[in-house]
Amino acid sequence: MIISVPKALRRLYYIVIFVALSCLFYNIMDLLHSWINPVPDPDIPEGSAVRAFHEIQSGGEAMNPGERLRLYYWYGE
């Protein structure tokens, strides 16, 4: 069996590029997720604790277009 070194190095090069681009894409998606998600995920309550939350009040202060777009992407409405 003959193994071509240049061909093996080329395949290794493509594998390294694929892994690097996959990691870059994952980090970009994680950054977008942290930007879109307006509220950090709360910890799970323990014992007899009850989870409570505050609803967003409709009215009152006006939201700028960027905040409205983030809220639209977060709720998906």
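The solvent-accessible area of residue 67, taken with every protein chain present and a 1.4 Å probe, is close to 90 Å². The label point for residue 48 and the one for residue 32, both projected 7 Å from the Cα toward the Cβ, are 4.6 nm apart.
The figure for residue 10 is an accessible area of roughly 130 square angstrom, using a 1.4 Å probe on the protein chains alone.
Could you sort 26, 75 by their accessible area in this structure, using a 1.4 Å probe and putting the largest first?
The ordering from most to least exposed comes out as 26, 75.
The values are calculated or read from the model by the stated rules, or taken from the named source; none is laboratory data. What you see is a predicted model; the values in this text were computed from it and never measured. Every residue, glycine as well, gets a Cβ built from its backbone with ideal geometry; the counts of neighbours run over all protein chains shown. Remember, those area values only see protein heavy atoms, side chains included, never the ligands or the DNA or RNA. Shrake-Rupley method; radii C 1.70, N 1.55, O 1.52, S 1.80 Å.
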